[in-house]
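Worksheet for the structure shown next.
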Amino acid sequence: MFAAARGNGTVLVFDANTCDLLRGIEVGPRPNGLAWDPLRGQLLVADVEQHDARLVDPGTGTCVATVGLSGRPRWCVYDSPRDRFLVNIREPACLMALSADNLRPVARIDGLPNGPHGLDLDLDLDKTGQRAFVACDAAMVAVIDLTTDRELGRIPISGEPDAIWWNPRAGRLYVAIGQPGVIEVIDGASLSVVEQVATEEGAHTTAFDRQRQRLYVFLPQSCHAAVYEEAASGG
């Protein structure tokens with residue numbers, strides 16, 4: 001497991017079975033977004049101070065490649081069918097695509113709503129195609145066709161989002177919104193909000209367990225974590 005320690009410019013490497021801290025890797029002044037390439041066993045680290053991305057070998061701690069970004073990065077993911085990383089850029093509002101082997105920029109999707117933030121992928125070609133969901137500060141989720149890198153549409157939401165998670169089994173996207181403190185559930189077929197779940201003001205950090213179909217929401221005011229389970233029917 002990996003965690004970005006923005007305060008001291010390192011990425012922390014943990015044992016996934018014991019949660020023991022194995023090592024810290026110096027990666028730059030303020031690492032934030034992380035994305036894992038399972039094919040090469042390399043980690044993308046996006047830095048919010050230097051506005052660059054680094055490719056790190058976590059086994060040796062060495063930096064394999066570095067590339068400048070067009071602005072402050074936010075969430076990052078690995079797009080396995082196209083063997084590339086996708087990086088949200090806050091301003092100018094865009095989505096950058098970087099080759100996974102050397103971080104060479106291969107595409108850039110401009111004209112997104114202000115403040116791209118949360119990012120996740122729907123890669124089930126048999127059902128809905130291959131899409132990226134980009135949750136933006138402008139209270140909008142943009143949907144990108146990954147086969148053409150063109151925007152398919154936009155979904156209005158109730159506030160500035162943070163973490164988002166795609167649930168391929170249920171065909172739903174979970175969008176955390178700290179103000180007013182809700183999870184909005186978007187149906188992947190209709191591309192519309194079908195449910196709103198009240199959480200707590202300021203709750204914007206979440207994690208999704210695909211195997212157990214559980215969404216974990218961290219509640220900063222009450223210092224608790226809430227656990228929500230997707231119904232077996234997908235509803």
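Read the figures in this text as sums done on the coordinates, not as results from a lab. Just so it is clear, the structure is predicted and the values come from calculations on it, not from any experiment. Quick reminder, even Gly has a Cβ in these numbers, built from the backbone with ideal geometry, and neighbours come from all protein chains shown.
Between Thr66 and Ser80, 0.36 nm times their residue separation minus their Cα-Cα distance comes to what? Walk me through the intermediate numbers first.
Details: separation 14, 0.36 × 14 = 5.04 nm, distance 2.01 nm.
Contour length minus the Cα-Cα distance gives 3.0 nm.
In the calculated pair distance distribution of the chain, what percentage of Cα-Cα distances lie above 28 Å? Mind showing how you got there, number by number?
Numbers: 8226 of 27495 pairs.
Beyond 28 Å sits 30 percent of the P(r) for the chain.
How do Leu121, Leu86 line up, fewest other C-beta atoms within 10 Å first?
Working: Leu121 19, Leu86 26.
Ranking Leu121, Leu86 by Cβ neighbours within 10 Å, fewest first, gives Leu121, Leu86.
So for Glu229, Glu160, Glu201, Glu184, fewest C-beta neighbours within 10 Å to most, what's the order?
Values: Glu229 10, Glu160 17, Glu201 14, Glu184 23.
By the 10 Å Cβ count, ascending, the order reads Glu229, Glu201, Glu160, Glu184.
Grab the beta carbon distance between Ser222 and Ala189, set R0 = 35 Å, and tell me the FRET efficiency rounded to 0.05.
Values: r = 35 Å, r/R0 = 0.99.
The value I calculate is 0.50.
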- Query: Under unit Cβ charges (Lys, Arg +1; Asp, Glu -1), what dipole magnitude, rounded to 20 debye, does the stretch 1-106 have relative to its Cα centre?
  - Reply: 260
- Protection proxy (average C-beta count within 10 Å per residue), highest first, orders 76-82, 211-217, 57-63 as 76-82, 211-217, 57-63
- What ranking do Met96, Met140, Met1 get, fewest neighbouring Cβ atoms within 10 angstrom at the top? Met1, Met140, Met96
- Counted charge near Ala16, where neighbours are those whose Cβ lies closer than 15 Å (Asp, Glu -1; Lys, Arg +1): -2
- Hey, could you pull the Cα Rg and Dmax for the stretch 1-111, both in Å? 13.3, 44
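Just the C-alpha atoms of the stretch 96-153: what Rg/Rh do they give, with Rh taken as the Kirkwood radius?
Working: Rg = 11.9 Å, Rh = 12.1 Å.
With Rh from the inverse mean 1/r over Cα pairs, Rg/Rh is 0.98.
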- Query: Taking 1 over the mean of 1/r across every pair of different Cα atoms in the stretch 144-219, what Kirkwood radius in Å do you get?
  - Reply: 12.9
